[in-house]
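Undergrad: The structure is given below, and queries will be raised subsequently.
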Amino acid sequence: MSALLFTGGPVWTGTGPRTDTLAVRDGRVVPPSTLEGTRYEVVDLAGRMLMPGFHDAHVHPVSGALERLRCDLSHLHDRGSYLAAVSAHPGDGWVTGGGWSMSAFPGGLPRREDLDAAAPGRPVFLPNRDHHSAWVSSAALALAGIDAHTPDPPNGRIERDADGVPTGVLHESAMDLVAPLLPEDTDEDYDKALMEAQRYLFSLGITGWQDAIVGAYAGSRDQLGTYLRADAAGRLRARVAGALWWDRHRGPEQLDDLLARRAAAASSPRFRAGIVKIMQDGVAENFTAAMLDPYVGKDFCGTSNVDPARLRDYVSALDRSGFSVHFHAIGDRAVRECLDAVAAGPRTGRHHIAHLHVVDPSDVPRFAALNVTANIQALWATHHEQNDTLCVPFFGPERSGHQYPFGAIARAGGRLAAGSDWPVSTPDPWQAIHVAVHRTEPPDSAESSWPAARTPMLPEQALTLRQALTAYTAGSAYVSHLDHEIGTLAPGKAADLVVLDRDPFTPDIPLHDVKADLVFIDGALVHER
């Protein structure tokens with residue numbers, strides 16, 4: 001049937017008070033009265049809550065699915081399990097995949113000798129969960145010609161023993177020394193991965209997303225053709241915005257390429273490419289996040305991937321060309337450089353800054369003042385082992401109080417969007433929402449055994465459940481330029497919906513355990529639990 005009436009449970013529309021019915025006709029939300037005198041199917045909510053589908057504002061679906069289909073370490077949590085998975089990986093060539101956690105190793109650094117024993121003679125290349133470092137075997141280093149005499153590349157670092165011999169970890173652009181040697185993925189590999197990603201994300205209630213890197217990066221293929229093929233064939237059901245990759249090694253001459261890529265997607269019904277991704281720094285765990293002051297005990301402040309003066313020029317040029325900019329900024333200096341770049345331009349785009357691990361308090365009100373959205377990955381805003389051991393000691397007490405200031409940005413009038421950064425972390429929105437509301441580890445997470453996991457991290461930065469849901473729906477739809485279609489359940493908008501297994505506004509509900517029972521795109525069922 002083309003008409004549905006949802007009743008028997010609360011409806012969170014995202015636009016005002018909750019209601020108890022929602023009507024859909026021809027794939028659109030309509031007032032219930034318009035169904036009078038017509039045939040429609042009744043969907044009994046049985047006390048469960050209906051809400052807009054989640055829109056993940058920062059995710060890497062193709063690479064996430066490729067890892068799931070290869071040597072996937074993301075569901076494992078210790079050195080022994082990682083090595084067992086590598087040892088069991090079939091074949092005799094390259095071992096690829098990834099998803100290991102730095103907290104599983106002393107100082108966050110595994111060693112090549114373990115891979116050599118687990119996969120004798122085989123080249124191994126396994127990015128960690130944040131994809132800013134890779135664990136490689138001796139065979140991979142040898143194939144790339146990396147030895148004690150190989151210099152660190154710009155914006156990268158080779159971990160070494162005291163005698164200069166590489167230990168088996170490559171950071172940032174040092175990964176590019178090995179990545180070109182990996183077996184080349186095919187169009188078929190990427191097509192299969194996108195469909196697996198779509199299936200998986202639908203099962204979590206995610207009905208659309210912003211792909212945070214559409215372009216060739218760190219050995220990956222460009223996914224633009226993957227999305228266009230899927231959309232042309234009718235296989236892409238989700239609504240997707242692609243953030244086109246800004247090559248930090250090039251300058252303004254790449255703007256023509258970006259315009260051509262945006263034009264290639266202009267007639268695509270489900271995929272658009274009007275956003276550009278600029279990765280301004282790295283991550284704190286390997287000291288490449290750009291900080292205003294040096295790391296404690298270090299004589300450096302991290303890395304700005306793009307010179308700040310040039311960044312201002314680039315962002316202004318992108319803004320004038322009709323692009324919104326999706327920034328990656330972890331450190332407080334990188335955040336400020338991104339805000340300064342927006343301030344210097346015409347400020348017509350829907351610019352947003354993702355991650356925001358450390359934000360100087362003086363920059364918090366600038367999000368609202370400049371209309372820059374805070375694109376939050378809330379799952380990280382806890383006391384977990386990796387952050388407490390590899391980041392906090394090097395931030396120092398004062399700077400550690402500036403981590404993930406979501407509540408402060410919201411109180412200052414800033415807009416929030418929300419995403420997962422999968423495969424860096426789980427794409428399950430409810431795991432992240434638990435952290436956004438409680439600022440503690442979800443009880444069922446691998447990090448829950450860490451002694452500080454139940455101690456809230458900066459509880460004054462917590463969000464209400466309504467704020468967290470709005471960030472994951474309307475806020476994310478806004479930064480993807482899809483708010484005219486999705487994000488709320490207003491009449492006329494697309495019926496991209498999720499029926500939860502319970503009402504999450506029930507007091508003391510375990511938010512981390514909420515599930516998606518039914519998921520609809522344009523009023524058509526795409527997932528049933």
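Undergrad: Take region 170-216 and flag every residue that is part of a loop (DSSP other than H, G, I, E, B) and either in contact (Cβ under 8 Å) with a residue 60 or more places away in the chain or touching a strand residue (DSSP E or B) at 6+ places or on another chain (Cβ under 8 Å) (or both). Before you say what the answer is, go through the steps one by one.
TA: The initial filter retains those residues of region 170-216 that are part of a loop (DSSP other than H, G, I, E, B), namely 178, 182-186, 204-205, 215-216.
Across region 170-216, the qualifying residues are VAL178, LEU182, PRO183, ASP185, LEU204, GLY205, GLY215, ALA216.
Undergrad: Further question on the same structure: Counting only residues that are under 14 Å from THR488 (Cα atoms) and in a loop (DSSP other than H, G, I, E, B), which one in region 15-26 is modelled with the lowest pLDDT? Even if it seems obvious, please write down each step before you answer.
TA: Of the residues in region 15-26, the ones under 14 Å from THR488 (Cα atoms) are 15-19, 22-24.
From the residues that got through so far, the ones that are in a loop (DSSP other than H, G, I, E, B) too are 15-18.
Details: THR15: 92, GLY16: 86, PRO17: 90, ARG18: 93.
Only one residue tops the list, namely GLY16.
Undergrad: Next up: From the residues in region 224-246 that are part of a loop (DSSP other than H, G, I, E, B) and either of a type in the set (A, V, I, L, M) or at pLDDT below 95 (or both), which one is farthest from ASP522 (Cα to Cα)?
TA: Start the filter on region 224-246 by keeping residues that are part of a loop (DSSP other than H, G, I, E, B), which leaves 233-238, 246.
Now narrow it down to the ones that are either of a type in the set (A, V, I, L, M) or at pLDDT below 95 (or both): 233, 236, 238.
Numbers: ALA233: 17, LEU236: 13, ALA238: 10 Å.
For region 224-246, the residue satisfying everything is ALA233.
Undergrad: In this structure, is SER220 without any contact (Cβ under 8 Å) to a residue 24 or more places away in the chain, surrounded by 18 or more Cβ atoms within 10 Å (Cβ to Cβ) and hydroxyl-bearing (Ser, Thr, Tyr)? Don't jump to the end; show me each part of the working.
TA: On the way: without any contact (Cβ under 8 Å) to a residue 24 or more places away in the chain: no; surrounded by 18 or more Cβ atoms within 10 Å (Cβ to Cβ): yes; hydroxyl-bearing (Ser, Thr, Tyr): yes.
Criteria not met by SER220.
Undergrad: For the subset of region 122-140 comprising residues that are over 19 Å from GLY108 (Cβ atoms), touching a residue at least 24 places away in the same chain (Cβ under 8 Å) and not in a loop (DSSP other than H, G, I, E, B), which member is farthest from the chain's Cα centre (by Cα)?
TA: Step one: of region 122-140, the residues over 19 Å from GLY108 (Cβ atoms) are 122-123, 138-140.
With the extra rule that they be touching a residue at least 24 places away in the same chain (Cβ under 8 Å), the set shrinks to 122-123, 138, 140.
So of that shortlist, the ones also not in a loop (DSSP other than H, G, I, E, B) come out as 138, 140.
On the way: SER138: 31, ALA140: 28 Å.
The extreme case among them is SER138.
Undergrad: May I ask you to list the residues in region 102-143 that are among the polar types (S, T, N, Q), closer than 14 Å to TYR82 by Cβ and surrounded by fewer than 23 Cβ atoms within 10 Å (Cβ to Cβ)?
TA: SER103
Undergrad: Separate question: Taking the condition in contact with a Leu (Cβ under 7 Å, 6 or more places away or on another chain), under 14 Å from HIS402 (Cβ atoms), modelled with pLDDT of 95 or more and outside any strand (DSSP E or B), does VAL342 pass?
TA: Numbers: in contact with a Leu (Cβ under 7 Å, 6 or more places away or on another chain): yes; under 14 Å from HIS402 (Cβ atoms): no; modelled with pLDDT of 95 or more: yes; outside any strand (DSSP E or B): yes.
Criteria not met by VAL342.
Undergrad: List every residue pair whose Cβ atoms sit under 6 Å apart, with the two residues 6 or more apart in sequence or on different chains, where the first one lies in region 153-165 and is within 16 Å of ASN286 (Cα to Cα) and the second, anywhere, is among the β-branched types (Val, Ile, Thr) and in a loop (DSSP other than H, G, I, E, B).
TA: ASN155/THR303
Undergrad: Follow-up. Being surrounded by 19 or more Cβ atoms within 10 Å (Cβ to Cβ) and in contact with a Ser or Thr (Cβ under 6 Å, 6 or more places away or on another chain) narrows it down to one residue among PRO405, PRO427, PRO442; which is it? Steps first, answer last, please.
TA: Working: PRO405 fails: in contact with a Ser or Thr (Cβ under 6 Å, 6 or more places away or on another chain); PRO442 fails: in contact with a Ser or Thr (Cβ under 6 Å, 6 or more places away or on another chain).
Result: PRO427 is the single residue among PRO405, PRO427, PRO442 that is surrounded by 19 or more Cβ atoms within 10 Å (Cβ to Cβ) and in contact with a Ser or Thr (Cβ under 6 Å, 6 or more places away or on another chain).
Undergrad: Hey, another quick one. In this structure, is ALA369 without any contact (Cβ under 8 Å) to a residue 40 or more places away in the chain and touching a Lys or Arg at 6+ places or on another chain (Cβ under 7 Å)? Walk me through it before giving the result.
TA: Numbers: without any contact (Cβ under 8 Å) to a residue 40 or more places away in the chain: yes; touching a Lys or Arg at 6+ places or on another chain (Cβ under 7 Å): no.
Answer is no for this residue.
The values are calculated or read from the model by the stated rules, or taken from the named source; none is laboratory data. From a predicted model like this one, the values you see are computed outputs, not experimental measurements. Quick reminder, even Gly has a Cβ in these numbers, built from the backbone with ideal geometry, and neighbours come from all protein chains shown.
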